[in-house]
Amino acid sequence: MADPAWHPSPRAKLLWALSATLSWIFPFVALIIWMIVDPPRRTAQVWILGIAVVAAAFSIVAVPLWRYAVHRWEITDEAVYTRTGWFTQESRVAPISRVQTVDTYRGPLERLLGLATVTVTTASSAGAVHISALDTEDARRTVTQLTEIAARHRGDAT
């Protein structure tokens, strides 16, 4: 199987970096509070702070770039193809005849960045196929295209 043709929006890298940044706020606040209330353990705290800074930098800078390089999607008259992940990668093929619903999701960060996620629910035990971090207009066109293609396939999606 060839790789799917399309990447998410280039703004996906910023979305993933912002999401990672938000996930590191609580650990850093907790570490700072620990450093304030327990000064005798300063050596351990500095080591943990250093490790946390390196891990945060990796998840905020390197992971979004790698995810962008890996994430791809494509829609044909026969199927929806996706490839996602960064540490573990997953390739999915959802035949159009199995498509049940097509939805769009826009969380707060996605709305801020003009992005959307298209979810293609299929008659599959593997669950829905997600096409993440598309430009809002690309998501709208993708939903329209999928709806038109699925309408031409008169199967029962089971």
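The values are calculated or read from the model by the stated rules, or taken from the named source; none is laboratory data. As the structure is a computational prediction, the values presented were derived from the model and not from experiment. Cβ coordinates were reconstructed from backbone atoms using ideal geometry, including for glycine residues, and neighbour counts include every protein chain displayed. What goes into the accessible areas is simple: the full protein's heavy atoms, side chains included, and nothing from ligands, DNA or RNA. Shrake-Rupley method; radii C 1.70, N 1.55, O 1.52, S 1.80 Å.
Cβ-Cβ distances below 6 Å connect the following pairs, each with a first residue in segment 83-105 that is farther than 14 Å from T121 by Cβ, a second residue that is open to solvent by less than 60 Å² (accessible area, probe 1.4 Å) and of a type in the set (S, T, N, Q), and a separation of six or more residues or different chains: E90/T84. Of the residues making up segment 89-99, one or more are open to solvent by 40 Å² or more (accessible area, probe 1.4 Å) and assigned to a helix (DSSP H, G or I).
Each row is one residue, and each column tells you yes or no for (1) of a type in the set (A, V, I, L, M, F, W, C); (2) open to solvent by 60 Å² or more (accessible area, probe 1.4 Å).
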position	(1), (2)
A5	yes, no
P8	no, no
L14	yes, yes
V29	yes, yes
V37	yes, yes
R42	no, yes
I48	yes, yes
F58	yes, yes
Y81	no, no
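In the list V118, V54, V63, V46, which residue meets the criterion of being at pLDDT 95 or above, assigned to a strand (DSSP E or B) and of a type in the set (V, I, T)?
On the way: V54 fails: assigned to a strand (DSSP E or B); V63 fails: assigned to a strand (DSSP E or B); V46 fails: assigned to a strand (DSSP E or B).
Of V118, V54, V63, V46, the one residue that is at pLDDT 95 or above, assigned to a strand (DSSP E or B) and of a type in the set (V, I, T) is V118.
Table: residues versus (1) out of contact with any Pro (no Cβ under 6 Å at 6 or more places or on another chain); (2) open to solvent by 40 Å² or more (accessible area, probe 1.4 Å); (3) under 22 Å from D3 (Cβ atoms).
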site	(1), (2), (3)
D77	yes, yes, yes
G85	yes, no, yes
Y105	yes, yes, no
P108	yes, yes, no
R111	yes, yes, no
R140	yes, yes, no
I149	yes, no, yes
